[in-house]
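*Asks:* One structure coming up, written as structure tokens, with questions to follow.
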Amino acid sequence: ETGVTQTPRHLVMGMTNKKSLKCEQHLGHNAMYWYKQSAKKPLELMFVYNFKEQTENNSVPSRFSPECPNSSHLFLHLHTLQPEDSALYLCASSQASGPQETQYFGPGTRLLVL
Amino acid sequence: KQEVTQIPAALSVPEGENLVLNCSFTDSAIYNLQWFRQDPGKGLTSLLLIQSSQREQTSGRLNASLDKSSGRSTLYIAASQPGDSATYLCAVRPRGSSNTGKLIFGQGTTLQVKP
């Protein structure tokens, strides 16, 4: 596998379910990100991890819980979600390199909350 | 608060046309600006990155310009092809975000190039 991978690609869950999204980067990067992309809204940054430490939490509700066990893996644990949480969840990674730093994105997990 | 706006929201052109996508941002204190491409149901691919000290970047048929003082960037696509059909996203990295790599995105322009 190369680049940034995400599993599952599609997920349907009820509001009382607990599920987890997984992201893995094979690029040797030291930063990882979760974004939410809803219809007709700009891509929203949710969390940032640098060297496994969370450095940004963009006022995300506590029903979303990130976990970064090492610099290659990032999880997003979901519980008691709402229908408005249905969206495409994108993971990205980057190597801190100053003004030239580029983020590499995974294909996303399409989440539907019923 | 930094806001990024992209105009138009959607664009349909015949194959072979040259076209310009627009991006504006409200705060000129940026580290860099990037243009991304997103195909339906897929992640984003970085096309061009312009540092705050630069005026433009070119890659193949793509040329991106940056006017930081006016808060504007354009993405120029020459001789458009059906394969260029996708959503194009503009994102700025605010100055002061060097430790987080934080990006602020526009809503995107969805481009359709008709054969």
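The values are calculated or read from the model by the stated rules, or taken from the named source; none is laboratory data. The structure displayed is predicted, hence computed values, not measured ones. When we count neighbours, we look across all protein chains shown, and the Cβ atoms used for this are built from the backbone with ideal geometry, even at glycine. Areas reflect the complete protein model, heavy atoms only, side chains present, ligands, DNA and RNA absent. Shrake-Rupley method; radii C 1.70, N 1.55, O 1.52, S 1.80 Å.
*Asks:* Counting only residues that are open to solvent by less than 70 Å² (accessible area, probe 1.4 Å) and touching an Asp or Glu at 6+ places or on another chain (Cβ under 8 Å), give me the strands (runs of 3 or more DSSP E) lying completely in the stretch B:1-78 with at least 3 of them.
*Replies:* B:62-67
*Asks:* Conditions first: (1) open to solvent by less than 20 Å² (accessible area, probe 1.4 Å); (2) more than 14 Å from every other protein chain (Cβ to nearest Cβ); (3) free of Cβ contacts under 8 Å to residues at least 40 places away in the same chain. A:Val48 passes all but one, so which condition is the exception?
*Replies:* Every listed condition holds for A:Val48 apart from (2).
*Asks:* In the stretch A:75-102, what count of residues is obtained for those that are within 14 Å of chain B (Cβ to nearest Cβ) and closer than 23 Å to A:His10 by Cβ? It would help to see each step written out before you state the result.
*Replies:* The first filter runs over the stretch A:75-102 and keeps only residues within 14 Å of chain B (Cβ to nearest Cβ), leaving A:87-102.
Filter again for closer than 23 Å to A:His10 by Cβ, leaving A:87-93.
The number of residues fulfilling the criteria is 7.
*Asks:* Oh, and also: Output the number of the condition that B:Glu56 fails; it satisfies all remaining conditions of (1) under 10 Å from the mean Cα position of the chain (by Cα); (2) away from chain A (no Cβ under 14 Å).
*Replies:* (1)
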